[in-house]
Structure formats: structure tokens, C-alpha cells
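Engineer: There's a structure below that I have some questions on.
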């Protein structure tokens, strides 16, 4: 049988079709199978029971005796091309309630799977375009190819085959302005072992750490003339689309003795939030006051974080409570000290629906500093 060029392209073996064949063959096996790949979640009895209860409820939510339940309406009626209107309204309410996104139904379209969604998106925005008629230098009816920029390529196995015509993906390494090395030339050594190489000339030296969970840590080493003076450092990152992220920080004078800050535990309180436990040798004394700052970054999707929320506390004014339960806590962040002797232990209450990224930092009036970070645990 002869196919068109379109048919030939979509009947060729692809990564995603081979993956789905493997998954289907595994399910037909006469041996016990644990489906751990291809996007299939692990089967959890309690979750399956909740699914079953929900399906039954959708099939029995009409007490008129007529076959007119939610499930029957969903199966027997067409939705509009955008997707089921009631479901879209529910999604709008959910996202606005949890993430303050100010969406409307016009912002959401439903597809029958992520593969179809990306097929539409990548073919809408990548491929051959008619040239801009207002461009004096363009010829009439000239075609212009546009590509999809992926932050990481190659990425998910299904992306590379979705374009109807040709390949329209590209990946560009970021450009970091104001340093002495391009990223490709930087030695890949762990950040916590990074030091300024002996004999190096004054100026910024960039060290790239191992990429973990979609993030690449970068350390900038500086040599200054006088370690007893603070230094203002400005960092600027320009991504391939020309967007600029800039931040200025003050590097304090060198202090021989730094503070120890260690995160001991993080656990959830059902329906209320999380409690983080940390210890530190920072003194609790009004004569040498110190400031504790708790900074949160809440995950939105995967590794994408919502801008941080922070709260600061004077160390010697934090209440001592031997068993901190935060039963009446109304603030987003609350802190109690739970020990009377150094190293001191603190309990931090965090009101959040999902486990946030947390930075605990302490700054003493004499210049001593200490900090520790907790990253959300990956959910399998």
C-alpha cells in the first residue's frame, strides 16, 4: 500500500511508538509486572480505591431514575473542540485558588494526552511560516522556517517526531555575561569543593557543578584586595531569547568563624503545612544580637518555583517552647526555640499545601553568617 509523505512519516518506527509497544507487550506478559516507566504511576491500593469510588459516584449522581448521570453525559455527548466546559471551569477554579493565576476558561484547552497537546503546539509554533509582508527585504510568498527552543535537548522521547514536516528543534547553551570563561570551558567539579585556583588572576572565575533535577549550580570565585572590606557583586544571566535575569549581592567582610546551621528533619502536619527542624551554634544573647531569616520557594510544576516568601526573626526574642506544636499558628511562617543550650534547636512552622524549598540563614551583628537549604523531596 502506498502512502502520502505524511503517511510515510507517521508509519515509520519512532521512539514513542516503540516505547508504547514495549509497555503494551509488558502488560500482556504472563509474569508479574511492575510498570515503573513510560509515565505509568505505581499502582497504590488506596489510590485505586479512591479512583473506583469516584467513578462509581459519577455513575450514580442522578436520583431521578433516568440514565442521565455525569458519566453517561460524558460518554454519550460530544464536547466542544476546547474540551468539556464543566471540567474546564473546575480547572480554572483550582488553578486560581491554589496559584493565584487569574485564569479564565479562554486560557485552557483539553487534549486526549500530552503527546497530542505537544503535537498541536509544536506544529502551531514551529515549521514553515509566510514571511512578514511588511518586511521590505522579504520576497513575496517567501517561506521562513521557525524552530522550537527546548531548554534541554534531546528531551522526552516523543518530542523529536511530532513535526509534520522536517525537524524544528534547537537547543542553545546559556550565555553568562561578565565572567572569564564560557560555560563549555568550565571544569565540571562539585560546587561544594570549588575553590579559586591558586595563582589565578583577580577577577571572576566560574565553576559549574553537576546538573541535578534540571538545575545547574554555578559558583563564581572572586579575589579581592582586602578581605576586611565588603564587595558588591552584580550577576546577569541572558538566556537565548534575550531575557535578562540580574541580581546584586553584597559579599561581607571575611570572618574566620562561621556559624553552623544544620537542617535535621522536615515533616508534614496533615491539612496544615510542614514543620522544619534545624540546629545552630548561633548564640541567643541580646548583647550579640542575630537575625534568623526563613525564605520559601513553593514549587508550581516540577522544578518551577513560585517567587519566594520570607520572614525574619531576632534570635534572642524567639520564644522557647519545649514541644512546639504551633496549634494556634496563623502566620505563613512561625518559629519556636526548643532547647535551652547550644547547639540550639528550632522548629519552623510553614503553612503550605505542598512541600516548599526552604533556606534558613542567620546573620550575627559581628558579621558571622550561616545558612542551610532544604529542597523538596522528589515524589515517585
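Rule-based calculations on the coordinates, nothing more; no lab input. All of these numbers come straight from a predicted model, not from anything done at the bench. Note that each Cβ is placed from the backbone with ideal geometry, even for glycine, and that neighbours are counted across all protein chains shown.
Engineer: Given R₀ = 22 Å, FRET efficiency for residue 314-residue 260 by Cβ-Cβ distance, to 0.05? Each step should come with its number before you reach the end.
Structural biologist: Details: r = 20 Å, r/R0 = 0.89.
Step by step, r from the Cβ atoms, then E = 0.65.
Engineer: With r as the distance between the Cβ atoms of residue 371 and residue 287 and R0 = 22 Å, compute the FRET efficiency 1/(1 + (r/R0)^6) and round to 0.05. Intermediate values should be presented prior to the final figure.
Structural biologist: On the way: r = 23 Å, r/R0 = 1.05.
After rounding, the FRET efficiency stands at 0.45.
Engineer: Label points 7 Å out from Cα along the Cβ direction at residue 110 and residue 231: separation in nm?
Structural biologist: Result: 5.7 nm between the two label points.
Engineer: Turning to a different aspect of this structure: What fraction of the Cα pairs in segment 261-374, stated in percent, has a spacing above 21 angstrom? Could you put the intermediate results ahead of the total?
Structural biologist: Numbers: 2150 of 6441 pairs.
Every Cα pair in segment 261-374 considered, those over 21 Å come to 33 percent.
Engineer: When 338, 330, 229 are ordered from fewest to most other Cβ atoms inside 10 Å of their Cβ, what list results? Could you put the intermediate results ahead of the total?
Structural biologist: Values: 338 15, 330 7, 229 11.
By the 10 Å Cβ count, ascending, the order reads 330, 229, 338.
Engineer: As an exercise, use a Förster radius of 51 Å and the Cβ-Cβ distance of residue 342 and residue 50 to find the FRET efficiency, rounded to the nearest 0.05. Let's see the in-between values first.
Structural biologist: Numbers: r = 47 Å, r/R0 = 0.93.
The calculated FRET efficiency here is 0.60.
Engineer: Still on this model: Mind giving me the nanometre distance, one decimal, between the label points for residue 332 and residue 67, set 7 Å out from Cα along Cα→Cβ?
Structural biologist: 5.2 nm
Engineer: How far apart, in nm, are the 7 Å Cα→Cβ label points at residue 89 and residue 14?
Structural biologist: That separation, rounded to one decimal, is 3.6 nm.
Engineer: What ranking of 164, 33, 350, 362 emerges when the number of other C-beta atoms within 10 Å of each C-beta is taken as an exposure proxy, fewest first?
Structural biologist: Working: 164 15, 33 12, 350 26, 362 23.
Lowest to highest Cβ neighbour count: 33, 164, 362, 350.
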